[in-house]
1. Which chymotrypsin sites (Phe, Trp or Tyr not before Pro) from the range 47-105 combine a DSSP loop assignment with at most 12 other Cβ atoms within 10 Å?
2. Using alpha carbons only, how many degrees (0 to 90, rounded to 10) separate the axis of helix 336-350 from the longest principal axis of the chain?
3. Report, by chain and number, residues whose modeled amide H sits under 5 Å from the one on Thr100, excluding near sequence neighbours (fewer than 5 apart, same chain).
4. Using only the alpha-carbon atoms, how far is helix 161-175 inclined from the longest principal axis of the chain? Give it as 0 to 90 degrees, nearest 10.
5. How charged is the neighbourhood of Asn267? Take every other residue with its Cβ under 12 Å from the Cβ of Asn267, and add Lys/Arg as +1 and Asp/Glu as -1.
6. Calculate the length of the line joining the C-alpha centroid of the range 194-248 to that of the range 132-186, in whole Å.
7. In percent, how large is the relative contact order of the range 72-144, given Cα pairs closer than 8 Å and 6 or more residues apart?
8. Does anyone have the angle between helix 33-43 and the longest principal axis of the chain? Alpha-carbon axes, 0 to 90°, nearest 10?
Amino acid sequence: MASINQMIQWFKDREGKVNYSQSSRLGPTGYDCSSAVYFALIAGGFIPSGSMGWTGSLHDTTLPAISKKISRADCRRGDIFLSKYWANEGHTGVFLDNSTIIHCNAYNGTISTTVANGRMGYDPIEYYRLNASQDLGIFTLPQYEVAKVVWGVLKQSGYSDHSAAGVIGNLYAESSLDPNKHEVGGGGGYGLGQWTPRSNLYTQATICGISAGEAETAQGQAKIIAQGDKTGQWLVTGNTAYHPTVQKNQTLAAFKQATDVISAAANFCAHWERPKLEYAHMDVRIRGAQSILQVMRESNLIVSEGEVEMKCLYQIDEKGAVYYFDGTEVRPLTHMDEKKVLQDIYQANNGKEMPFFKWTSSAPWHYRLKGILERPKEF
C-alpha cells in the first residue's frame, strides 16, 4: 500500500542535512526540488525505484498517472504543489497541512519546512492529490496494522470510536504498538500495555480464558485490555493530576461510551495504565489517540460523527435468499457464510450488530426499498 507517511518521512529524515543542488541532484547529499519529490514518491511506494525526472515530467507524465488535480483550498497533508513546471525556476514540494510545506529549496539551501503561501514558487501553481494512498498519521505501517487489530477487538467489545482511539493512543506511548515490546532499560514491562511484571499479563489472560500463546499477540492483548474491569486492571478511582479531563471516579462502562478523544486518552492513562506522573507523557498519548482517530476516519473504518450507516440485511418470509443493502444497492447473498462475513465486519467496525429485517410478502417493504433505489434523483 502506498503511504503518505513514508513519503513525508523521506523528507523529514533529510531535513536540514542535505544541500540544494541542481548539478548534484541525485543524492545522497544533494537534491533539487523535483529530484527530492521523485525520491520521496519512490519511498512512499507511489512510483517504481529508479524513476526520475524534473518539474516538467512531473506535470506531463508522472503525476497524471498517480494523482488528480485539486484546488488550493482543499490541500492537506501529502498533497503535492507544482509551480511553473515548464521553466527552470519551477518549484515543487509536499504539503504537511494546508498552510505548511516541506520542500528542497534554493532559498534555505536544503530541505526545510516552511509556510506554504509565498514559498511555492511562481504562478501558475497546480495542486495534486495522490491516488490509492493512505495517510497513516504518526504511525508506521506495522504500527497501523496492530492498531487495526486492537481497534476491531475494542469495537466488538462495545467501545466507542473515541474510547478505542484513547486506548490505542496509550498503547502507542507505552510500547510503540509492539505486542512483544520489552520495557526499555529492563524495567520488567512487556507487551502493548507494558504489563509489569510480565507475569501480570498471563494472570489476566487466565482470568479472560486466553492462552499464554494468544496473550503474546496483539489480538490476545487487546481482548485482555478490553476486559479491564474483569481483570481488575481498570480502577474506578483515577488521579486527576494526570490531566484536567481525568474523571476522579469513572467505571469502564462509562469510559467505553467516551465522546471526546483527549479525555479518553487521559482517562485510560489514569484508570488503566497509571504510570508515575513524571513518566506519563500525556502529550504523546493524546497525539496518538487523535492521530489514530483521524486515520480510521480516512480509512473509512468508522463513520464520521453525525452520520448514520444505511446498511442492513433482510429476508422475505424467512426463507430463500438473504439480501444485503449497502446503502446504495441491494445484492442477494448466495451462501450463508457471506452473511456471517458481512455481520462480522459490521460488528468489528461499528461495535453493534447489522440490522437484519425479516419482512413478509404480505407487507412488502422490500418493494418499497426497491422503488426508492430505482426512482430518478430530482436534484
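1. Loop-located and lightly packed - Trp86.
2. Its long axis makes an angle of about 70 degrees.
3. Placed amide hydrogens put Ala116 under 5 Å from Thr100.
4. 70
5. +2
6. 15
7. Worked out over the range 72-144, it gives 33 percent.
8. 30
Every read-out reported here was derived from the displayed coordinates using simple, explicitly stated rules and does not represent laboratory data. For clarity, every value in this text was computed on a predicted model and none was experimentally measured. Neighbour counts are summed over all protein chains in view; Cβ atoms, including those assigned to glycine, are modelled from backbone coordinates with ideal geometry.
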